[in-house]
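Throughout, read-outs are computed from the coordinates displayed, never taken from laboratory work. Fair warning: this is a prediction, and the values are worked out from it, not measured in the lab. Cβ atoms come from the backbone with ideal geometry, glycine included; neighbour counts cover every protein chain shown.
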Amino acid sequence: MRYFVLVGVISTAVVAWTGFWFYTAGLVEADLLRRAEQNSETNSTGAHLSYGSYDIGGFPYRIQVTLNKPTIILRNQAQPMRWRTDQIKAVGHPWQPRHVLFDLTGTHHFEVEVDGQWRCFELSSETAMASVETDAQGALQRLSLDLKNILAKHLGADALRGQRLQVHSRPTPGGTNSLDIALRGDALELIREGLPELSIKRLPKTITLLDLQSTVTEMAAAGTELAGGLPQWREQGGTVEVDKLRLQWRDVDITATGSLALDDQMRPIGALTAKIKGHEELLQMAVANGGMDEEKAAIARAVLGLLAVAGGGVLSVPVRLQDGLLYLGPAAIARLAPIMVPGRIN
């Protein structure tokens, strides 16, 4: 008798779970179809998802959605954008619906309209995984992105190679209207052929380490439109609070903390406190890039060299970004270009 009761309980549980899984999968499918129907509203604004085909599987423990040939179009009055790739996979669990894992491995194509022309960017990686957590209202609570062996192209030419790139983001605990952003890059190589508009003539061959931990304030002011949002973010007093910046290449090792923002010409402005090993390389870059002439570089080399000797080989110096210039101590070593000129993006 007990045996039949046990079998009945197990059978009921299996049937109930099966029904729950297919019900959840049906909700996911209905949401995909709803988003596809919205694409018929070609004049509307917002994000629009389309795809060639889809598959929903993962029974019994997961809900796995595979989208083939997905495309996302962001339509707004400021800056149309398009993204497409061959395939993405999303995996979630029925008992944890607000945490979704994404497999983004492959090549991603980005197109942005700038001054009436489409700029094309391409990002590929050997592996690319993402983790997204939201709250009950769908607001982002945590985002993690991990890419390995990446290659970025601009207008068809190689622009960036990297061994690994990691990005983490979350609302600042206890904060209002701010976002914690952490970025780490390993073995990053900037390639001039893919960066024709880059004004820096001399670049590090390979950035061994880029490690940034920061908090961006006044995030709501930025909204969703890049062109209109960035100036508005500046006007509302938005800042980037740099809790830690670590930058290494060749013999250069920089650690810095401070605060950054944008001035009325959309140029970086702010102040940092830095500890630098290998400052001589920075002065050589400043001369090569036209930030200072040889005479000023010789004076800066003497002054900063004495400060470095006093610090046991480590230069402890204030770094200022002001009036379109980057100052290392008292020496202006580089010119700063606007991040974005208001009104330039249509």
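Tell me the label-point distance for the pair residue 206, residue 37, using the 7 Å Cα-to-Cβ offset, in nm and rounded to one decimal.
Here the answer is 5.4 nm between the modelled labels.
If I take every Cα pair under 8 Å that is 6 or more residues apart in the chain, average their sequence separation and divide by the length, what percent do I get for the relative contact order?
About 9 percent, as a whole number.
Return the equivalent ellipsoid semi-axes of the range 2-198 as a descending list in whole Å, where each equals the square root of 5 times an eigenvalue of the C-alpha gyration tensor.
Ellipsoid semi-axes (Å, largest first): 37, 21, 18.
Over the alpha-carbon set of the range 86-201, divide Rg by the Kirkwood Rh and report the Rg/Rh ratio to two decimals.
1.03
Would you mind ranking 335, 192 by Cβ crowding within 10 Å, fewest neighbours first?
192, 335
How far is helix 279-288 tilted off the main Cα axis of the chain, in degrees rounded to 10, range 0 to 90?
That works out to roughly 80 degrees.
Please check: in the Gaussian network model of the chain (C-alpha springs, under 10 Å), which one of 134, 107, 12 has the largest mean-square fluctuation.
12
So what is the 222 nm mean residue ellipticity for the chain from helices alone, if each DSSP H run of at least 4 adds -39500 (n - 2.57) and you divide by all residues, rounding to the nearest 500 deg cm²/dmol?
Details: 5 runs with 78 residues, N = 346.
Result for the chain: -7500 deg cm²/dmol, rounded to the nearest 500.
Which of 281, 126 has the fewest other C-beta atoms within 10 Å, and how do the rest follow up to the most?
Working: 281 16, 126 13.
Placing the least packed residue first, the sequence is 126, 281.
Subtracting the Cα-Cα distance from 0.36 nm times the residue separation, let me have the gained length for residue 325 to residue 246 in nm, one decimal.
Full-extension gain reported as 26.3 nm.
Report the calculated FRET efficiency for residue 306 and residue 27 (r = Cβ-Cβ distance, R0 = 51 Å), to the nearest 0.05.
For residue 306 and residue 27, the calculated efficiency is 0.15.
So what's the angle, to the nearest 10 degrees on a 0 to 90 scale, between helix 226-235 and the longest Cα principal axis of the chain?
Approximately 60 degrees, to the nearest ten.
Give me a comma-separated list of calculated 3J(HN,Hα) values for the range 258-271, in order, Karplus coefficients 6.51, -1.76, 1.60 applied at θ = phi - 60°, integers in Hz, x for any Gly or Pro.
x, 9, 10, 7, 10, 8, 6, 9, 6, 9, x, 9, x, 9
May I ask for the angle, rounded to the nearest 10°, between helix 2-38 and the longest principal axis of the chain, with both axes built from Cα atoms and the value confined to 0 to 90°?
Relative to the chain, helix 2-38 is tipped by roughly 50 degrees.
For the chain, what is the largest minus smallest coordinate of the Cα atoms on each principal axis, given in angstrom and ordered from greatest to least?
So the extents along the principal axes, rounded to whole Å, are 94, 52, 38.
Quick check: net charge around residue 239, other residues with Cβ under 13 Å of its Cβ, Lys/Arg +1 and Asp/Glu -1?
-4
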